[in-house]
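Here is the structure we will look at.
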Amino acid sequence: MSYVKPKFHHPSLKPNKVGYNKADYEGVISTLCAGCGHDSISGAIVQACYEISLEPHRLAKLSGIGCSSKTPTYFLSNSHGFNSVHGRMPSITTGANMANRDLIYLGVSGDGDTASIGMGQFVHAIRRNLNMVYIVMNNGCYGLTKGQDSATADFGSISKAGESNPYQGIDLAGLALELNATFVGRSFSGDKNQLVPMIKAAMAHPGFAFLDVISPCVTFNNNKTSTRSYSHVRAHIESTSIFDFVPEQDEIRVDYPEGKSAEVELFDGSKIHLSKLAPDWNPTDRFSAVNRLHEAKSRGQILTGLYYINTESKDLHEMMNTVDTPLNTLQQKDLCPGNSKLQSINKTFR
Amino acid sequence: MDEEIVVNDLVVRFANVNGTGSASANEMFAKSIFRMGIPVSPKNIFPSNIQGLPTWYEVRISGKGYLGRRAGIDLLVGINPQSLARDVKSVKPGGYFVYDSSKKLYDEYIREDVNYIGIPMIALAMEHYPNPRLQQLFKNIIYVGAVATLLNVDLDVIKEVIAEQFEKKPKLIPPNYNALQLGVDYVKEHYTYPLPIRVEKMDAVGDAIIVDGNTACALGAIYAGATVMAWYPITPSTSIAKAFETYCKKLRIDEETGKKKYAFVQAEDELAAIGMVIGATWNGARAFTATSGPGVSLMNEFIGLSYFAEIPVVLINVERGGPSTGMPTRTQQADIISSAYASHGDTKHVLVFPSTPAECFDLTVVAFDLADRLQTTVMLISDLDLGMNNHMSAPFAWDENRKYDLGKVLSAEDLDNLKTEFGRYNDVDGDAIPYRTIPGTHPTKGSFFTRGTSHDEFAKYSELGEVYLRNVDRLAAKWETAKSLVPKPEVYQEKNTSEYGMLFFGTTAYAAIEAMDLLKENGIDIDSIRVRSFPFHKDVEDFIAAHAKIIVVEQNRDAQFRSLLINELNLDPKRFLSVLNYDGTPITAHTIHAKINQVLNLVPVN
Ligand SMILES: Cc1ncc(C[n+]2csc(CCOP(=O)(O)OP(=O)(O)O)c2C)c(N)n1
Ligand code: SF4
Ligand SMILES: [Mg+2]
C-alpha cells in the first residue's frame, strides 16, 4: 500500500525560485525496509530538485523493477512516472526522450535491473549518449527477490548465509567509463553532502549522466562480511574530491578547504566546483579517471565522487539532427505530406 | 505443329544465382509487362543468404487480373547450374526451357515433353564485353531480350523501363540496349517467334501501381504522423524501416533548418525497439516498430505492459515461416494466435489484416488511430509475400479531410476545466476508455504513475482483488468497444445463399477470389468473406451465422484462424472446415479449388 504523505509546511522552509516548497518534491510514504539505502537516495533526489528549482512537471522519472525501481513513487509526486519492466527502463527512456527532448529524464534502476537483465539496454543507452540521469541504487544483491547475489557483488564478499561470492563483480562505473559515458560518478546513499550536488550536476549534463550509488540493503546484505554493508562502505570510502554544483545564475558561495581546487563549466553556464583530493586526477580526462578508479580498487578502497565529465557532450538528438521542437508537439499539418505528394509518389510505382 | 495460342495467361520463372544482379533484370521484365497494360504478379523466391545460392523470380501474367500464385511453369529461364535438375523438372509438360547454350546441356536434363531453347548468353556477353563483372550483368539483359522476343513483349517498353532504371547513370543506357538487342537478334535468327504462349498489349491495369507492402506500410506511417520508429533488422520486415527512412528524408525535413522531423532508431534488439515505442507514445508522439515472428516473441513482455498500462503501440508484424528461425525467406500466416494473445496473463490485442499494398497504407493509418483511441497495442499483420513482393494494387490515396484520431488526451486547459479529480484509469465516458495525460502538460495537475503492476482508477498500486477486477473487467469492456471501431470485413456475395461460406484474410485473398471464379465455372457459387480485423467485426459473426458450414482458408499448419474464430465467437468446431497451405509458398487458387471440390463432393450440397 502507498500512502499520501501529509504535507505540512515547516515555517523555516522557504519556497524556491520557482515557488515550490520542498514538500512539493516529495512522493508517497516509502514502503521499503526501515534503513534501506534507497530511501536516502530518494531524499537526495528531492533535495536536489528543490535546490535547483526544477519545476516538477519538467521531469519524468522512470524505472525498471526491484526495490530500487519502486522509489520513483517515493519522490516527485508532481512528475509523471513510469515503473516499467525488469531491466528495460533505458529503452522506455530512449523513446520518451525521442518524443520530447525538452524534459529532464531521471532513470532509476537497481544493480540487478542494470547489470544482469538490463545490461544490454544500459550499455546501448551509453553508446547513444542519451540525455538522461541514470542512477543505479547498488546494493550488491536482488533485494526484491530476497537477497540473491547480483552481478555487481564483489568477488569474495561473504553473504549473510556465509557464502563467499566466487564471481568477479561488474563495476558499472568502470564499465561506463570504458564505454565513453560522458558523465560518470559514484556515491554512497549515506553521504548526502556529496550525493545531492552530484545529482544536480548530473541533471545539468547534456548527455548520459551515470551515477552508481552504493545503497546498502539492510535486510539481505548488511552483514559485516558483505562489502556493501554500511560498516564496510564507511570504513573503505575514499573521495575524488569535495564537490559542489553551482547552477548558472547562482553566486559562488562555498568555501573550499585545502587542496587543489578545480572548476568545470557546463554547457548552460552552470559550474561544478571541485576540491581535488588527488593531484593526479583530472575530471575531464577519462584516462586519469580510469587509473584513479583502478588504483583505489587495488587498495581495497571504494572511490566516490565525480570520476569523469565530458564537457563537449553531444546527445542523441544532436547526433541524429532532429528538430529543436519536441517531436510530440508537431501537428498533423507539420507531419502529413498531403495527397498531391502521394500522387506523385504513386507515379514512381507505375 | 498446330499449337493452341495462349495469350496473357502464363507463368514465367527465372532461376538465378543470388547476388549476380539478376533481380533488377527480372524486375524490368515484369515491369515491362505491367506497362503493356497486363496484370502481373512477380514473386521473389530467395534464400536467406547474400551470395551464391539459388534464387527464383516468378512472374505470373494474367489478363484476367488474377494476382495469386499459379502452379505450373510455362517457361523457365534456367541459368543456375546448381538448380538445373530441379528446374527442368518443374516445367509443365509442353512448356519451354530457356537455357544458356554456351555449354552443352547434359542429356540427363533433357525431357521429351519440354521444348528447349538455347541462347548462348555468357558466350555472347564475353564476345561483346571485356569486363567479367559486366559480362555477368549483361548476360542478364541478354536473356531478357531473348525471352521478351519469344513472348512478344514490346521492346520499346523495355527500353523505356531500362532508361528509367539508369536515369541517374545515363552512360549505362546504350550498353544495356545493346545487350538487349543481342538477345533479341539471337532469337530472331534462330527460332520461330513469338511462341504460342505470349503476351499482347491490353488495358487491364488502369491507374494501378505496382509496389511492395512494406513500402506501403512505411508511407502509411509517415502519413499517419509517426515521428519515432524503433526497430531491429529482421527479414522480411527490414525494408519497412529502410523505406521509412528513405521517404522521411524526402518528406520530413524541416525546410529552414534541414533538421529531421522524425527519430529513426536502430535498437539493440526487439525488446528495446518496442520499449522505445512505448516510451515515445507514453510521451505523446506517434511511434511504431516493425518486425517478424522472432521479434514479436521477444516483445511479448512489453506487449503485455502496453495492454495493462494502456499505452498505444503500433507493431507491424511481417510474418515469415515459423516456428523458431523457421523459414526466414518464405511466407506464412502462422502468427495469428501468438499475436492475438501475445504476453502472459489475460491479454488480447487488436489485429488488422491488409491484403494489398493500398490496404497496407490505409490500415497502417488506421492502426495508429486505433492504438491512440484504444490506448493499446495494435498489430498490422502482413506477411513476406505481401511485404516483400511487388503487387499490382490500387494507388495510394490520402483524404485531405482526414484528421488523426489522437484519442483521449487531456490538455492543460482540459485539466484546468476538470470538475472532478483526474483519474488515469477512470472510465468517465462509459466506453471503458480512460483519459490520459502527457508528461510536462501541466505544472500541478494530471501527473500519474504508469506501472505494469495492478493499479486502481488513479494509477495507484493495489493488489486488492476488487480493484484488480474492476480494472481487468474494464479492459474486457474496452475490448467490446474495440469491436465497433475496427475495420469491417469485405464480403463477396451476391446472393448470400450458399450452404458453405468461405472465409479468409490477408494475402490468401488473391487465390481465394480466383478460386471463387473457378468454382463458378463448375456451377458452384460460394459466398465469401475477407476478415480485416481482430476482434471480429459484427458482420463476421453475421456471415458465419448465415452459413451452415464455413471453410477457413489460411496459410499455417494448425488452422489458427479457425481456432480463433471458434474460441472468440464460441462456435461449434464441427461447422468449420479448413483449407491449409504452409509449405512457405503463397497459396494457389488451384489448391483452394481442389480442396473445396473435394469437400463439396463428400458432403452433398442441397
Ligand atoms: C522478467 C522478470 N524476471 C524476474 C523478475 C523478478 N525480479 C523482480 S526484482 C528482481 C531483482 C531486482 O534486483 P535489483 O535491480 O538489484 O533491485 P533491488 O531490489 O536490489 O533494489 C527480480 C529478479 C521480474 N520482475 N521480471
Ligand atoms: S529488501 Fe533490501 S533493498 Fe529491498 S527495501 Fe529492504 S532493505 Fe531495501
Ligand atoms: Mg539490488
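The values are calculated or read from the model by the stated rules, or taken from the named source; none is laboratory data. All values reported here derive from a predicted model rather than from experimental measurement. Using ideal geometry, Cβ is built from the backbone for each residue, glycine included, and neighbour counts are taken over all protein chains shown. Side chains included, ligands, DNA and RNA excluded: accessible areas come from the protein's heavy atoms. Shrake-Rupley method; radii C 1.70, N 1.55, O 1.52, S 1.80 Å.
Could you look through region A:67-98, keep only residues that are touching a Pro at 6+ places or on another chain (Cβ under 7 Å) and within 7 Å of another protein chain (Cβ to nearest Cβ), and pick out the one that is farthest from B:Leu271 (Cα to Cα)? Working first, answer last.
Of all residues in region A:67-98, those touching a Pro at 6+ places or on another chain (Cβ under 7 Å) come to A:76, A:78-81, A:83.
Keeping just the survivors that are within 7 Å of another protein chain (Cβ to nearest Cβ) gives A:78-81, A:83.
On the way: A:Asn78: 29, A:Ser79: 26, A:His80: 23, A:Gly81: 20, A:Asn83: 16 Å.
Ranking the candidates gives A:Asn78 first.
Residues of region A:99-114 being more than 8 Å from chain B (Cβ to nearest Cβ) and either charged (D, E, K, R) or buried (at least 24 other Cβ atoms within 10 Å of the Cβ) (or both), which ones? Before you say what the answer is, go through the steps one by one.
Filtering region A:99-114 down to residues more than 8 Å from chain B (Cβ to nearest Cβ) leaves A:101, A:104-114.
Passing the criteria: A:Arg101, A:Tyr105, A:Leu106, A:Gly107, A:Val108, A:Ser109, A:Gly110, A:Asp111, A:Gly112, A:Asp113, A:Thr114.
Here are B:Arg424, B:Arg402: which of them is open to solvent by less than 60 Å² (accessible area, probe 1.4 Å) and among the basic types (Lys, Arg)? Before you say what the answer is, go through the steps one by one.
On the way: B:Arg402 fails: open to solvent by less than 60 Å² (accessible area, probe 1.4 Å).
Result: B:Arg424 is the single residue among B:Arg424, B:Arg402 that is open to solvent by less than 60 Å² (accessible area, probe 1.4 Å) and among the basic types (Lys, Arg).
Scan region A:152-162 and tell me whether some residue there is near ligand 3 (Cβ under 10 Å from one of its atoms), part of a helix (DSSP H, G or I), farther than 20 Å from A:Ala60 by Cα and away from chain B (no Cβ under 14 Å). Spell out how you get there, then give the answer.
Filtering region A:152-162 for residues near ligand 3 (Cβ under 10 Å from one of its atoms) gives A:152-153.
If we keep only those that are part of a helix (DSSP H, G or I) as well, we get none.
No: region A:152-162 contains no residue that is near ligand 3 (Cβ under 10 Å from one of its atoms), part of a helix (DSSP H, G or I), farther than 20 Å from A:Ala60 by Cα and away from chain B (no Cβ under 14 Å).
How many of the residues in region B:405-421 are open to solvent by less than 60 Å² (accessible area, probe 1.4 Å) and either of a type in the set (D, E, K, R) or in contact with an Asp or Glu (Cβ under 9 Å, 6 or more places away or on another chain) (or both)? First the steps, then the outcome.
From region B:405-421, those open to solvent by less than 60 Å² (accessible area, probe 1.4 Å) are B:405, B:407-412, B:415; that's our starting set.
Cutting the leftovers down to either of a type in the set (D, E, K, R) or in contact with an Asp or Glu (Cβ under 9 Å, 6 or more places away or on another chain) (or both) gives us B:405, B:407-409.
Within region B:405-421, residues that are open to solvent by less than 60 Å² (accessible area, probe 1.4 Å) and either of a type in the set (D, E, K, R) or in contact with an Asp or Glu (Cβ under 9 Å, 6 or more places away or on another chain) (or both) number 4.
Quick test for you: out of B:Thr257, B:Thr192, pick the one residue that is within 11 Å of chain A (Cβ to nearest Cβ), without any contact (Cβ under 8 Å) to a residue 24 or more places away in the chain and not charged (D, E, K, R). Spell out the reasoning first.
Values: B:Thr192 fails: within 11 Å of chain A (Cβ to nearest Cβ).
Among B:Thr257, B:Thr192, only B:Thr257 is within 11 Å of chain A (Cβ to nearest Cβ), without any contact (Cβ under 8 Å) to a residue 24 or more places away in the chain and not charged (D, E, K, R).
Looking at B:Gly183, B:Gly213, B:Gly206 in this structure, which one is among the small types (Gly, Ala, Ser), open to solvent by 10 Å² or more (accessible area, probe 1.4 Å) and more than 8 Å from chain A (Cβ to nearest Cβ)? Steps first, answer last, please.
Numbers: B:Gly183 fails: open to solvent by 10 Å² or more (accessible area, probe 1.4 Å); B:Gly213 fails: open to solvent by 10 Å² or more (accessible area, probe 1.4 Å).
It is B:Gly206.
I need a count of the residues in region B:349-363 that are open to solvent by 10 Å² or more (accessible area, probe 1.4 Å) and in a helix (DSSP H, G or I).
Start the filter on region B:349-363 by keeping residues that are open to solvent by 10 Å² or more (accessible area, probe 1.4 Å), which leaves B:356, B:358-359, B:362.
With in a helix (DSSP H, G or I) added as a condition, the list becomes B:358-359, B:362.
Qualifying residue count, region B:349-363: 3.
Would you kindly identify the helices (runs of 4 or more DSSP H) lying entirely within region A:275-350 that contain at least 1 residues that are in contact (Cβ under 8 Å) with a residue 24 or more places away in the chain and away from chain B (no Cβ under 14 Å)? Give the steps one after another, and end with the answer.
Details: elements: A:286-298, A:316-320, A:332-335, A:339-347.
Fully inside region A:275-350 and qualifying: A:286-298.
Suppose we filter region A:214-240 for residues that are more than 15 Å from ligand 3 (Cβ to nearest atom) and either without any contact (Cβ under 8 Å) to a residue 12 or more places away in the chain or of a type in the set (Gly, Ala, Ser) (or both); how many remain?
5
Here are some conditions: (1) open to solvent by 10 Å² or more (accessible area, probe 1.4 Å); (2) within 9 Å of another protein chain (Cβ to nearest Cβ). A:Gly35 meets all but one. Which one does it not meet?
Among (1) open to solvent by 10 Å² or more (accessible area, probe 1.4 Å); (2) within 9 Å of another protein chain (Cβ to nearest Cβ), A:Gly35 violates only (2).
Which pairs do you get when a residue that is touching a residue at least 60 places away in the same chain (Cβ under 8 Å) and more than 18 Å from B:Tyr177 (Cα to Cα), found in region B:20-43, comes within reach of a residue that is assigned to a helix (DSSP H, G or I) and of a type in the set (Ser, Thr, Tyr), reach meaning Cβ atoms under 8 angstrom, with the pair 6+ apart or on two chains?
B:Ser41/B:Tyr510
Quick check on this structure: which one of A:Glu238, A:Glu258 is open to solvent by 40 Å² or more (accessible area, probe 1.4 Å) and at pLDDT below 95? Walk me through how you get there before you give the answer.
Values: A:Glu238 fails: open to solvent by 40 Å² or more (accessible area, probe 1.4 Å).
A:Glu258 is the lone residue from the list that is open to solvent by 40 Å² or more (accessible area, probe 1.4 Å) and at pLDDT below 95.
I'm checking my understanding of the structure. Among residues of region A:16-30 that are away from ligand 2 (no atom under 16 Å from the Cβ), in a loop (DSSP other than H, G, I, E, B) and within 13 Å of chain B (Cβ to nearest Cβ), which one is surrounded by the fewest Cβ atoms within 10 Å (Cβ to Cβ)? Explain how you work it out, then say what you get.
Of all residues in region A:16-30, those away from ligand 2 (no atom under 16 Å from the Cβ) come to A:16-26.
Checking the rest, the ones that are also in a loop (DSSP other than H, G, I, E, B) come to A:16-21.
Next, from what is left, pick out any that are within 13 Å of chain B (Cβ to nearest Cβ): A:18-21.
Numbers: A:Val18: 14, A:Gly19: 10, A:Tyr20: 19, A:Asn21: 15.
Per the criteria, the residue is A:Gly19.
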